[in-house]
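One structure is given here, and the rest of the page talks about it.
Only the coordinates and a few stated rules stand behind these numbers; no lab work does. Values in this document were obtained by computation on a predicted structure and should not be read as measured data. Because the Cβ atoms are built from the backbone with ideal geometry, glycine has one as well, and the counts that use them run over all protein chains shown.
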Amino acid sequence: MSLSSNQDWLARSQAAVWHPCTQMQHHAQTASAAHLPLVPIARGSGAWLYDFDGKRYLDGISSWWTNLFGHANPRINAALKDQLENLEHVMLAGFTHQPVVELSERLSALTGGSLGHAFYASDGASATEIALKMSFHYWRNTGRPEKAEFLCLAGSYHGETVGALAVTDVAIFKDAYAPLVRAATVIPSPDSRLAEAGESPADVARRAAAALEAHLEKHGENIAALIVEPLVQGAAGMVMYDPEYLRLARQLCDRYEVHLICDEIAVGCGRTGTFFAHEQAANDGNPIRPDLMCLSKGISGGYLPLSIVLCSDTIYEAFLDDSVARAFLHSHSYTGNPLACRAALATLNIFESDDILAANRLKSAKISTALAPLADHPQVRHLRQRGMITAFDVETDDPYFSRRFYRAALGREALIRPIGNTVYLMPPYIISDDEIAHLGQSIAGSLQEALAK
Ligand SMILES: *Cc1c(COP(=O)(O)O)cnc(C)c1O
């Protein structure tokens, strides 16, 4: 049987594949406002995805925030082919290899040497769990087992496994499993949209930091770590906040002996304008540094599942002992996979050789210009941007707004998938001026179509 059309593949996919983050029935209900189209993709090239019927879609959200340098990138492909001929995988317990060593060294250097060791896993949620376990175990190893609680921000998202849900504050992901979860304490978000009359984003940050301080003053003795998504809370709907919050959070964490975990899974790798988002918070010109940092998504260029937890030497050294029980006994089968590490090295090479951070500053300004007219739309609120993330909220009571917009965008050759009523762009960094214009037009047209209901 030869199958070659969209129709064939989507029927087979619906019959055999359980798709993530999806009410599967919505795929089948083609006549309903809740319908979620299933798009079979045959190939990708640059910023474009192509289906089996010859239609194309500009990947405006980097395939769930993972892709940095386009689909089928020639340089990453070449590195992977070379790696494939040499070593596809070896266990990382008791063995090591060139890509994992080089990647660990280069990531540590990118933190100014402040985070000296890298621990590996395959997905973001596992990186979150590793960071939480490391923090907890650090305090246990240093004789302070009472420091066993975690803090997270309102609206935080750090993954959906049972452990990661403890620090995730997105009701749709968490509520059904609440009885399984040992929930962390949720503290106020420094969300800039919460500014009251006369308040700047930095004022909102200071207000949220004051709430953090009040909590630490009472409960700091029992708290192991505060985990944050630096500058942009992605899954909450591209909630943006002022770097002042991170600067103050770093000070407070130092004062109350609490680890600061920066989850850079979505915002790392240049997304917000600096290689790591936390670098935009500085004390006396020096970037603040977390005690633990999680990376995933873009680090492999969007090619292969890879996540990394970087930690300070202080944390690493607290695990060194004759006793095995004081070691960090955590592992995944594909920990440190050579192909994934090689994709990450090829990704870092592109950052260096093409001065991506500088190039992105220009692209970000062009995206801002392309979307600027939307600010005048009567239902658009809080048009905002941080580096290569641009977002706005749409004022509407329509519970199907995001579906309508998504379908309308696909009809305009664009993959743009709103989170609730928040429309955002988070494109691959190779996006051209023409492609930025295409996304701008797709958004304007899709907004009109979605709101016409
Ligand atoms: C996506 C994401 C995660 C989870 O990563 P997965 O690979 O999907 O498990 C964790 N934290 C943040 C900030 C994310 O955006």
(request) Grab the DSSP H runs of the chain that are 4 residues or longer, score each as -39,500 (n - 2.57), total them, divide by all residues and round the 222 nm result to the nearest 500 deg cm²/dmol. (result) -11500 deg cm²/dmol
(message) Suppose we keep just the DSSP beta bridges with both residues in segment 77-353; what percent of those would be antiparallel, to 5?
(response) 50
(request) Quick one: give the max-minus-min coordinate of the C-alpha atoms of segment 328-453 along each principal axis, largest first, in Å. (result) 52, 35, 27
(message) Between 0 and 90 degrees, rounded to the nearest ten: what's the tilt of helix 401-411 against the longest Cα principal axis of the chain?
(response) 60
(request) May I ask you to list the aspartates and glutamates whose Cα is less than 16 Å away from that of residue 147, ignoring any residue fewer than eight positions away on the same chain? (result) 217, 221, 254, 257, 291
(request) Using 0.36 nm per residue of separation minus the Cα-Cα distance, give me the extension gain between residue 85 and residue 221 in nm, one decimal. (result) 43.8 nm
(request) Hey, for a label at residue 434 modelled as a point 7 Å past Cα toward Cβ, could you say which residues of segment 47-79 have their backbone N under 18 Å away? (result) 47-50, 55-60, 70-71
(request) Post the alpha-carbon centroid distance, segment 116-181 to segment 405-453, in whole angstrom. (result) 33
(message) Give me the extension gain from residue 376 to residue 144: residue separation times 0.36 nm, minus the current Cα-Cα distance, reported in nm with one decimal.
(response) 78.1 nm
(message) Please compute the modelled spin-label separation between residue 161 and residue 50, points set 7 Å along Cα→Cβ, answer in nm with one decimal.
(response) 3.7
(request) Quick one: order 22, 422, 390, 128 by neighbouring beta-carbon count within 10 Å, fewest to most. (result) 22, 422, 390, 128
(message) What does the net charge come to around residue 435 if you take all other residues with beta carbon closer than 15 Å to its beta carbon, with K and R at +1 and D and E at -1?
(response) 0
(request) Over the Cα atoms of segment 105-221, compute the convex hull volume and normalise it per residue, giving Å³. (result) 155
(request) Kindly state, to the nearest 0.05, the FRET efficiency for residue 254 paired with residue 330, given R0 = 25 Å and r defined as their beta-carbon distance. (result) 0.40
(request) Any aspartates and glutamates with Cα under 12 Å of the residue 174 Cα? List them, leaving off those in the same chain fewer than 8 positions away. (result) 160
(message) Using a 10 Å cut-off around each Cβ, can you sort 271, 182, 56, 386 from fewest to most neighbouring Cβ atoms?
(response) 182, 56, 386, 271
(message) Testing the spin-label approximation: label points 7 Å from Cα along Cα→Cβ at residue 200 and residue 42. State their distance in nm.
(response) 5.4
(message) Straight-line reach only, C-alpha to C-alpha below 27 angstrom: list the lysines that residue 363 could link to, leaving out same-chain residues fewer than 8 apart.
(response) 55, 297
(message) With angles folded into 0 to 90 degrees, how steeply does helix 338-353 sit against the dominant principal axis of the chain? Use alpha carbons for both and round to 10.
(response) 80
(request) Please state, rounded to one decimal and in Å, the Kirkwood hydrodynamic radius that segment 274-405 gives when every pair of distinct Cα atoms enters the mean of 1/r. (result) 19.1
(request) Work through the residues other than residue 296 whose Cβ is under 10 Å from its Cβ and net out their charges, Lys, Arg +1 and Asp, Glu -1. (result) -2
(message) Can you compute the modelled spin-label distance between residue 77 and residue 441, with each label point 7 Å from Cα toward Cβ, in nm?
(response) 2.7
(request) Net charge near residue 135: determine it from the other residues with C-beta under 12 Å of the C-beta of residue 135, scoring Lys and Arg +1 and Asp and Glu -1. (result) 0
(request) Kindly state, as a whole number, the per residue volume in cubic angstrom of the convex hull around the alpha carbon atoms of segment 77-353. (result) 138
(request) Please work out how much length the chain gains when fully extended from residue 30 to residue 17, using 0.36 nm per residue of separation minus the C-alpha to C-alpha distance, in nm with one decimal. (result) 2.9 nm
